[in-house]
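S.K.: Below are the structure tokens for one structure; questions will follow.
The values are calculated or read from the model by the stated rules, or taken from the named source; none is laboratory data. Because the structure is predicted, anything quoted here is derived from the model rather than measured. Virtual Cβ from ideal backbone geometry, glycine too; neighbours counted across all protein chains shown. Ligands, DNA and RNA are stripped out before the accessible areas are found, and what is left, the full protein with its side chains, is counted by its heavy atoms. Shrake-Rupley method; radii C 1.70, N 1.55, O 1.52, S 1.80 Å.
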Amino acid sequence: MKFLKPILLVLLFTVTLACKNDKNNAIDEEINNTVSTFYFIRHAEKDRSNSENQDPELSQEGLGRSIFWAKVFEPVALEAIYSTDYQRTQMTAAPTSVQKGISVTSYDPTTIEPQQFVTDNYGKKVLVVGHSNTIPKFVNAIIGEEKFEQIDDYDNSGLFVVTIIGTQATAIKLNLDISRQ
């Protein structure tokens, strides 16, 4: 009987340790299999009729593109939409926001912390609307490499897709020309 108690304690400790390891392995596996997907677009074509206007609305072509983006994202189960606080970016995000019933969260591209953004949106599908000089920087910061250059001022067709599986980030850029749609 004296030997039975230590043996039972060792067995109990071993089973507890094994359960804890199984739980940790399950958590590690969940983290390694969790997918976060971020879609980055530049605002649609802006109204260039007044070169002094720093916050123009979208042009007619831009309004068409914003509706095009809503069609592109229609099958995507977005969970959040971010936009800078400019008319052109807010107007670009609006059709998708209305379609999805998701409020647009404003962000400041000069102060947003990319890794905190990733943490806050872990496991989600998120649309981010920004500018020719901010979107590539944001994408590069998330993936940890200087892969993308500033977007040409007249290029509104780019879609950057950043996928993070576990801790591995990948990014591609697609050009979606609405004149061919």
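S.K.: Quick one: what pairs do we get from region 132-154, first residue farther than 19 Å from Thr89 by Cβ and in contact (Cβ under 8 Å) with a residue 24 or more places away in the chain, second among the hydrophobic types (A, V, I, L, M, F, W, C) and buried (at least 18 other Cβ atoms within 10 Å of the Cβ), C-beta under 7 Å, 6+ apart or different chains?
M.R.: Ile143/Val162; Ile143/Ala171; Lys147/Ala171
S.K.: Under 6 Å between Cβ atoms, which residue pairs at least 6 apart in sequence (or on different chains) link something in region 112-124 that is closer than 13 Å to Ala169 by Cβ with a partner that is among the hydrophobic types (A, V, I, L, M, F, W, C) and open to solvent by 30 Å² or more (accessible area, probe 1.4 Å)?
M.R.: Pro114/Ala141
S.K.: Given the structure, is Lys100 in contact with a Leu (Cβ under 7 Å, 6 or more places away or on another chain) and open to solvent by 20 Å² or more (accessible area, probe 1.4 Å)?
M.R.: Working: in contact with a Leu (Cβ under 7 Å, 6 or more places away or on another chain): yes; open to solvent by 20 Å² or more (accessible area, probe 1.4 Å): yes.
So Lys100 fits the description; yes.
S.K.: Would you point out which residue out of Thr92, Thr111 is modelled with pLDDT of 95 or more, under 26 Å from Glu45 (Cα atoms), of a type outside the set (A, V, I, L, M, F, W, C) and open to solvent by less than 70 Å² (accessible area, probe 1.4 Å)? Spell out the reasoning first.
M.R.: Working: Thr111 fails: open to solvent by less than 70 Å² (accessible area, probe 1.4 Å).
Matching residue, one of Thr92, Thr111: Thr92.
S.K.: Within region 40-81, how many residues are closer than 19 Å to Asn175 by Cβ, surrounded by fewer than 18 Cβ atoms within 10 Å (Cβ to Cβ) and among the charged types (D, E, K, R)?
M.R.: Number satisfying all stated conditions: 2.
S.K.: How about region 91-181: which strands (runs of 3 or more DSSP E) wholly inside it have at least 3 residues that are of a type in the set (Val, Ile, Thr)? Working first, answer last.
M.R.: Working: elements: 104-106, 125-130, 158-165, 168-175.
Filter on region 91-181 gives 125-130, 158-165.
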